[in-house]
Amino acid sequence: FYPEDFKDPEGFWTGLYSTYKLFIYNTKIVPSKEVPKTFADLLNPRWKREIGIGRNEFEWYIGMLDFLGEEKGKQFMKRLGDQDVVVASGLTLTSQLMAAGEFGLSLSSQEATLELLKGGAPVGWIPSLTPTIDVPRCIGLAAGAPHPNAAKLMVDFLLSKVGQTILNTIGRTSIRPDVKRDPALEALNLKLYPFRPKSSKQMESLIKEYRRILLKE
């Protein structure tokens, strides 16, 4: 029931639910004709100190490197870092600050975006900035689990259609194609690019790289 991109080829993990990384903008301070049409448009001097991002959005960074290719991706990220992106503690806060007019554009999660849209905030989604990096939150069985059979039952339930439907009701986005998602999210008609988990050593190196190149830390 799960797409191949959201399963470990060796069977150790499966995507439990998705977290989409969306770009949004403040409709009161950014005219529709100025909304970026491509990721390259984010490098325009117009957006210097006008792009918000969460401090821990290294998964978006890594996903974009995979999509663009390492060399091209790092060149893009270095130039994006030169735009003096505004760093906040998390995506929800970043999105709220953007909606309040602190800056014009921001990276957001689908949960924060939908909350702002449903609350009537002056927020628009930028559909032309594709693909949307889809970061699955994964589930698997821990080595040496004290009650492995109970854990297997829990995993089976959470990955079932019933379990996934329950997750949807608490604001999570199911990965299963046969489970209905939030209609507002479906209406965005997103082109998704799945984030692929890396080894712990790779992740450690890439996180440091993200903070050095994009956040200038």
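The values are calculated or read from the model by the stated rules, or taken from the named source; none is laboratory data. Keep in mind that what you see is a predicted model, and the values were worked out from it rather than measured. Counting neighbours? That spans all protein chains shown, and the Cβs are built from the backbone with ideal geometry, glycine included. SASA here: full protein model, heavy atoms, side chains in, ligands and nucleic acids out. Shrake-Rupley method; radii C 1.70, N 1.55, O 1.52, S 1.80 Å.
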Restricting region 131-163 to residues that are open to solvent by less than 50 Å² (accessible area, probe 1.4 Å) and part of a loop (DSSP other than H, G, I, E, B), the one modelled with the highest pLDDT turns out to be Ser160
* For Gly124, state whether it is closer than 16 Å to Leu22 by Cα, open to solvent by less than 60 Å² (accessible area, probe 1.4 Å) and part of a helix (DSSP H, G or I). => no
Filter region 21-48 for residues that are in a strand (DSSP E or B) and not aromatic (Phe, Trp, Tyr); the one that is nearest to the chain's Cα centre (by Cα) is Lys21
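Pull up region 30-48, narrow it to residues that are among the hydrophobic types (A, V, I, L, M, F, W, C) and surrounded by 15 or more Cβ atoms within 10 Å (Cβ to Cβ), then point me to the one that is farthest from Glu111 (Cα to Cα). Talk me through it step by step, then tell me what you get.
We begin by selecting, within region 30-48, every residue among the hydrophobic types (A, V, I, L, M, F, W, C); these are 30, 35, 39-40, 42-43, 47.
With the extra rule that they be surrounded by 15 or more Cβ atoms within 10 Å (Cβ to Cβ), the set shrinks to 30, 35, 39, 42-43, 47.
Values: Val30: 22, Val35: 22, Phe39: 22, Leu42: 23, Leu43: 26, Trp47: 24 Å.
Per the criteria, the residue is Leu43.
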Result of the Cβ filter at 6 Å on region 116-135, keeping first residues that are under 19 Å from Pro194 (Cα atoms) and partners that are charged (D, E, K, R), at least 6 apart or interchain, is Ser128/Lys37; Thr130/Lys191; Pro131/Lys191; Ile133/Lys21; Val135/Glu59
So, first residue among the charged types (D, E, K, R) in region 179-194, second residue open to solvent by less than 60 Å² (accessible area, probe 1.4 Å) and part of a loop (DSSP other than H, G, I, E, B), Cβ within less than 8 Å, six or more apart or across chains; the pairs are Arg181/Ser174; Lys191/Thr130; Lys191/Pro131
Apart from one, (1) aliphatic (A, V, I, L, M); (2) open to solvent by 60 Å² or more (accessible area, probe 1.4 Å); (3) closer than 19 Å to Pro127 by Cβ; (4) more than 20 Å from the chain's Cα centre (by Cα) all hold for Ala100; the odd one out is (3)
The one condition Ser18 fails out of (1) out of contact with any helix residue (DSSP H, G or I) (no Cβ under 7 Å at 6 or more places or on another chain); (2) open to solvent by 10 Å² or more (accessible area, probe 1.4 Å); (3) outside any helix (DSSP H, G or I) is (2)
ask   = Out of all the residues in region 193-201, is one or more over 22 Å from Glu4 (Cα atoms), open to solvent by 70 Å² or more (accessible area, probe 1.4 Å) and of a type outside the set (Phe, Trp, Tyr)?
value = yes
For region 49-67 the number of residues that are in contact with a helix residue (DSSP H, G or I) (Cβ under 9 Å, 6 or more places away or on another chain), open to solvent by 50 Å² or more (accessible area, probe 1.4 Å) and either assigned to a helix (DSSP H, G or I) or among the charged types (D, E, K, R) (or both) is 3
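State all residues of region 194-217 that are part of a helix (DSSP H, G or I) and touching a Gly at 6+ places or on another chain (Cβ under 9 Å); if no residue qualifies, say none.
If the condition is that a residue be part of a helix (DSSP H, G or I) and touching a Gly at 6+ places or on another chain (Cβ under 9 Å), then Arg212, Ile213 are the ones that fit.
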